[in-house]
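Written out below as structure tokens is the structure these notes cover.
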Amino acid sequence: MQKITFVNPDGSRTSVDAKAGETVMSVAVANGIDGIVAECGGSMMCATCHCYVDDAWSGQTGDRQDGEDDMLECAASEVRETSRLSCQIKVTEALDGLVVHLPDEQE
Amino acid sequence: MDMIEGHRQIVPPAGVPSWDVDPFTPEVLSDPAPYFADLRARGELVFLPRYSVLAVGRYQTTHDVFSDHENFASSRGVGLSDFKLDSPWRKPSIILEVDPPEHTRTRKVMSRALSPKVVRDFSDLFRETAKRLVDEALEKGTIEAVTEFAEAYPTTVFPAAVGMRDTNPRFLVDYGAMVFNAVGPDNEIRRNSMSRQSEIVPWITDACARDRLTEDGLGARIYAEADAGEITHAEAAMLVRSFLSAGVDTTVTGIGSALWCLSRNPGEWEKLKEDPKLVRPAFDEVLRYTSPVHTFFRTAGRDTEIAGFPVEEGSKILCALGAANLDPEKWDEPDVFRVDRRPKGHLAFGAGIHGCVGQNVARGELAAVLQALIEKVHRIEPAGEAEWRPNNSIHALDKLPLRLIAK
């Protein structure tokens, strides 16, 4: 079991349990994290599961997937270097303790 | 090798229940909910001897099989026919009926052409057309909503969005029906649909050519990717064909089903009118509740397993998406239509790398239609019995008489 912490724009934090193999998006949806909309359900067809990987973790979540940049261009909030679609980040044992920040808006 | 419906017959894995049912009769296809419930009740995995396939209908297993492109191939066809052993009725789609790494390249091109940002460019077209059709419907008072609304809307906006110079609404709708009927067995429904192949297919092929497209539509975007070297020009024509295969009949069905849901659930219609923010989630609930694409297949690309049962290479897996979308293990009161349910994870657009690439267009079209309806319409009432049109993989209305009362 891995812990993932979602940080809201107002700074409040929610920590939830995740299993290796799940995506950060599916963990958020399963735990009712409001800041992740995930309209397309993980097919990389929208940008409503946008998140910012915490600086301390950005080296460990890997590179953006093929096509992810195109979809991030459609994000409702500012896109930064640490921006990812949370449906494209797979939880691994190495990501235990991962912190991701939620954007102001998804839609 | 013993073949059946274009694929190899299999010996069912030990312990998997066998069920002598034909999911592709007009009776089941017109009213599939009892079959879905029965399929889920029989187990995680069920053998259907009639077609020698394995079937899944419980939510989690269906989701897992349907999105597991490593074990379950799409390149061997998403219908009963195994393209490794049988020749397909048309040249296979280079996005639907293909696996990675080939899929990754074409998918990227299509995703880019159909991104939320691109679809936003069409919002005026979608909105103005929706308003006009709603006004016309209100003027008539009583309409046959399948032809006069559900078909009229996508066959107006979609060719315009793609940039088609040729228009033939009937051919577009019937070509879609043909593609989706071809998923099923060689039954009368499929044969009737296919009988118009020689009339419709050449028209579709011609309509995909670059000189038949405007320079500012979705089709032109695909050809621009070919100019940039991302795909070949022949592939561009094939991807434009995918627009025409999957972009019309599906949204026709979505609109008809939305009107059916809202006319049969006046309380939910009131909720939607009161809270326009529910327009997008309400469409997802329509999709979950009615599953426009009710069934697709996968093929085991290697020896693998489903829910602990061994599955041999070449096995066809019937994925009953409609059954998963009504599974009480996943959904609270699945048989109740609720505009504010927000059914995250429904399988109406599929899941994973093959999830519907046109879903932003579908969402854009439906948002415009529902928005126009709640702005102008007070009540939507049934004006007669609704009838469903049996299709081997689409659950669509054939007739929907409605009365629309203006605000």
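Bear in mind that the values in this text are calculations on the coordinates, not laboratory data. All values reported here derive from a predicted model rather than from experimental measurement. Every residue, glycine among them, receives a Cβ derived from its backbone with ideal geometry; neighbour counts consider all protein chains shown.
Looking only at residues that are among the hydrophobic types (A, V, I, L, M, F, W, C) and farther than 19 Å from A:VAL27 by Cα in segment A:60-107, which one is farthest from the other protein chains (Cβ to nearest Cβ)?
Taking segment A:60-107 and keeping what is among the hydrophobic types (A, V, I, L, M, F, W, C), we get A:71-72, A:74-76, A:79, A:85, A:87, A:89, A:91, A:94-95, A:98-100, A:102.
With farther than 19 Å from A:VAL27 by Cα added as a condition, the list becomes A:71-72, A:74-76, A:79.
Working: A:MET71: 6, A:LEU72: 10, A:CYS74: 4, A:ALA75: 9, A:ALA76: 9, A:VAL79: 12 Å.
Here the answer is A:VAL79.
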Exercise for review: Could you grab me the full set of residues in segment B:151-197 that are under 30 Å from B:VAL53 (Cα atoms), among the aliphatic types (A, V, I, L, M) and touching a strand residue (DSSP E or B) at 6+ places or on another chain (Cβ under 9 Å)?
Suggested key: B:ALA177, B:VAL183, B:ILE189
Review point. Assuming A:ASP10 fulfils every condition listed in (1) farther than 24 Å from B:VAL109 by Cα; (2) buried (at least 17 other Cβ atoms within 10 Å of the Cβ) apart from one, which condition is it?
Key: (2)
Exercise for review: Scan segment B:247-260 and give yes if some residue there is over 18 Å from the mean Cα position of the chain (by Cα) and hydrophobic (A, V, I, L, M, F, W, C), otherwise no.
Suggested key: no
Study note, to complete from the structure: Filter segment A:24-34 for residues that are under 10 Å from the mean Cα position of the chain (by Cα) and away from every other protein chain (no Cβ under 11 Å); the one that is farthest from A:CYS49 (Cα to Cα) is A:VAL27
Study note, to complete from the structure: Only one of (1) at negative phi; (2) over 21 Å from the mean Cα position of the chain (by Cα) does not apply to B:SER52, and that is (1)
Practice item. Might you let me know whether segment B:53-60 holds any residue that is out of contact with any Lys or Arg (no Cβ under 7 Å at 6 or more places or on another chain) and without any contact (Cβ under 8 Å) to a residue 60 or more places away in the chain? Key: no
Check your understanding: Considering segment B:56-74 alone, what residues qualify as being of a type outside the set (Lys, Arg), out of contact with any strand residue (DSSP E or B) (no Cβ under 6 Å at 6 or more places or on another chain), in a loop (DSSP other than H, G, I, E, B) and buried (at least 20 other Cβ atoms within 10 Å of the Cβ)?
Key -> B:SER74
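Please indicate, with yes or no, whether at least one residue in segment B:376-391 is buried (at least 18 other Cβ atoms within 10 Å of the Cβ) and within 30 Å of A:ALA75 (Cβ to Cβ). If you could, list the steps in order and put the result at the bottom.
Let us first name the residues in segment B:376-391 that are buried (at least 18 other Cβ atoms within 10 Å of the Cβ), namely B:377, B:380, B:386, B:388-391.
Those still in the list that are within 30 Å of A:ALA75 (Cβ to Cβ) too: none.
The answer is no; no qualifying residue exists.
State which residue is nearest to the chain's Cα centre (by Cα) when the search covers only segment B:29-48 and only residues that are of a type in the set (Gly, Ala, Ser) and either part of a loop (DSSP other than H, G, I, E, B) or under 21 Å from B:ARG190 (Cβ atoms) (or both). Even if it seems obvious, please write down each step before you answer.
Start the filter on segment B:29-48 by keeping residues that are of a type in the set (Gly, Ala, Ser), which leaves B:30, B:33, B:37, B:41, B:43.
Checking the rest, the ones that are also either part of a loop (DSSP other than H, G, I, E, B) or under 21 Å from B:ARG190 (Cβ atoms) (or both) come to B:30, B:43.
Details: B:SER30: 16, B:GLY43: 25 Å.
Only one residue tops the list, namely B:SER30.
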Practice item. Test A:THR5 against the criterion of being surrounded by fewer than 21 Cβ atoms within 10 Å (Cβ to Cβ), away from chain B (no Cβ under 14 Å) and at negative phi, and give yes or no. Key: yes
Revision key, fill the gap. The one condition A:CYS49 fails out of (1) farther than 14 Å from A:PRO103 by Cβ; (2) within 11 Å of chain B (Cβ to nearest Cβ) is (1)
Check your understanding: Mind checking whether some residue in segment B:289-305 is closer than 30 Å to B:ASP99 by Cα, within 14 Å of chain A (Cβ to nearest Cβ) and part of a helix (DSSP H, G or I)?
Key -> no
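Of all residues in segment A:35-56, count the ones that are over 12 Å from the mean Cα position of the chain (by Cα) and either crowded, with 16+ Cβ neighbours inside 10 Å or basic (Lys, Arg) (or both). Spell out how you get there, then give the answer.
Of the residues in segment A:35-56, the ones over 12 Å from the mean Cα position of the chain (by Cα) are A:39-41, A:43-46, A:55-56.
From what is left, the residues that are either crowded, with 16+ Cβ neighbours inside 10 Å or basic (Lys, Arg) (or both) are A:39-41, A:43-46.
Number satisfying all stated conditions: 7.
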Review point. In segment B:99-108, is there at least one residue being away from every other protein chain (no Cβ under 13 Å) and buried (at least 21 other Cβ atoms within 10 Å of the Cβ)?
Key: no
**Study point:** Elements of type strands (runs of 3 or more DSSP E) in segment B:321-399, at least 1 residues being closer than 18 Å to B:PRO32 by Cα, away from chain A (no Cβ under 14 Å) and in contact with a strand residue (DSSP E or B) (Cβ under 6 Å, 6 or more places away or on another chain)
**Key:** B:387-390, B:395-399
Exercise for review: Please tell me if B:SER81 is at negative phi, surrounded by fewer than 19 Cβ atoms within 10 Å (Cβ to Cβ) and of a type outside the set (A, V, I, L, M, F, W, C).
Suggested key: no
Exercise for review: Run B:SER87 past the list (1) in contact with an Asp or Glu (Cβ under 9 Å, 6 or more places away or on another chain); (2) without any contact (Cβ under 8 Å) to a residue 60 or more places away in the chain; (3) away from every other protein chain (no Cβ under 14 Å) and report the number of the one that doesn't hold.
Suggested key: (1)
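Among strands (runs of 3 or more DSSP E) lying entirely in chain A, which contain 3 or more residues that are closer than 27 Å to B:LYS117 by Cα and touching a residue at least 12 places away in the same chain (Cβ under 8 Å)?
Details: elements: A:2-7, A:13-18, A:50-53, A:83-85, A:98-101.
Where strands (runs of 3 or more DSSP E) fall fully within chain A and carry at least 3 residues being closer than 27 Å to B:LYS117 by Cα and touching a residue at least 12 places away in the same chain (Cβ under 8 Å), they are A:50-53, A:83-85.
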**Study point:** Test: residue in segment B:275-295 that is over 28 Å from B:ASP22 (Cα atoms) and free of Cβ contacts under 8 Å to residues at least 40 places away in the same chain
**Key:** yes
